[in-house]
1. For the stretch 123-141, give me the residue count where each residue is surrounded by 15 or more Cβ atoms within 10 Å (Cβ to Cβ) and either free of Cβ contacts under 8 Å to residues at least 40 places away in the same chain or at positive phi (or both).
2. Return the residue satisfying two criteria in turn: it lies in the stretch 120-143 and is of a type in the set (A, V, I, L, M, F, W, C) and out of contact with any Phe, Trp or Tyr (no Cβ under 9 Å at 6 or more places or on another chain), and of such residues it is nearest to V47 (Cα to Cα).
3. Answer yes if at least one residue in the stretch 82-95 is crowded, with 16+ Cβ neighbours inside 10 Å, touching a residue at least 24 places away in the same chain (Cβ under 8 Å) and within 22 Å of D149 (Cα to Cα), and no otherwise.
4. Which residues, counting only those in the stretch 114-134, are part of a loop (DSSP other than H, G, I, E, B) and under 18 Å from V63 (Cα atoms)?
5. Run I109 past the list (1) outside any strand (DSSP E or B); (2) over 18 Å from G61 (Cα atoms); (3) aliphatic (A, V, I, L, M) and report the number of the one that doesn't hold.
6. Determine, yes or no, whether P19 is farther than 18 Å from V134 by Cβ and at pLDDT below 90.
7. What's the number of the condition D99 fails, among (1) acidic (D, E); (2) touching a residue at least 40 places away in the same chain (Cβ under 8 Å); (3) crowded, with 16+ Cβ neighbours inside 10 Å?
8. Return the residues of the stretch 61-81 that are surrounded by fewer than 16 Cβ atoms within 10 Å (Cβ to Cβ) and in a strand (DSSP E or B); say none if nothing qualifies.
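The values are calculated or read from the model by the stated rules, or taken from the named source; none is laboratory data. Fair warning: this is a prediction, and the values are worked out from it, not measured in the lab. Cβ placement follows ideal geometry from the backbone for every residue including glycine, while neighbour counts extend to all protein chains displayed.
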Amino acid sequence: DSSFDRFRPKQNVHACSRPIRFSSAMVPAPMNPLEALDLCLDIDGCVGAALGDHSSGLTLGAVGGVEREMLDAAVAAATKTLRGTFKVVADMESADQVDDLIINVGDRIHIACPVPAQHNGPGLFLYAVFDSTVTGLGLARKHLRSLADGLLV
């Protein structure tokens, strides 16, 4: 057992009990952070999601069957990794943006997806934990990016 075993949903939580509401042609509509977090749970295999601030490392909101303390710790750790990634991209003087950060731990996939600065979200990112036995990585990334692009703060 690793410390990430605590990210498993509680017994009475069914990660995939709700039908997914996404289509391949989905265009993000402007949404508030609570709507975005709730929609994260509609992605197949999502067991928890949070809105993080990579300036402070704080979790601004969280949903799902993942223990809040564990999600807070994961967001804080992702913050450090995102900061380093942003620094490397800036040092390379690249015009490219960081699309997402993917961390695979056991049968869990953790994805941190920065919110575009033009959407009033500088320093914010969506963080989601997926059950890899249920979710498809490509679709999870696509849907999380869509939610981040539609987020207005």
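1. So the answer is 1.
2. Our first condition is that a residue be of a type in the set (A, V, I, L, M, F, W, C); within the stretch 120-143, this holds for 124-126, 128-130, 134, 137, 139-140.
The next check asks that each one be out of contact with any Phe, Trp or Tyr (no Cβ under 9 Å at 6 or more places or on another chain); those that pass are 124-126, 128, 130, 134.
On the way: L124: 20, F125: 17, L126: 14, A128: 8, F130: 6, V134: 10 Å.
Checking each candidate, the answer is F130.
3. Within the stretch 82-95, one or more residues are crowded, with 16+ Cβ neighbours inside 10 Å, touching a residue at least 24 places away in the same chain (Cβ under 8 Å) and within 22 Å of D149 (Cα to Cα).
4. Of the residues in the stretch 114-134, the ones part of a loop (DSSP other than H, G, I, E, B) are 115-116, 120-123, 132-134.
Across the stretch 114-134, the qualifying residue is only V115.
5. That leaves (1) as the condition not met.
6. No.
7. Among (1) acidic (D, E); (2) touching a residue at least 40 places away in the same chain (Cβ under 8 Å); (3) crowded, with 16+ Cβ neighbours inside 10 Å, D99 violates only (3).
8. G61
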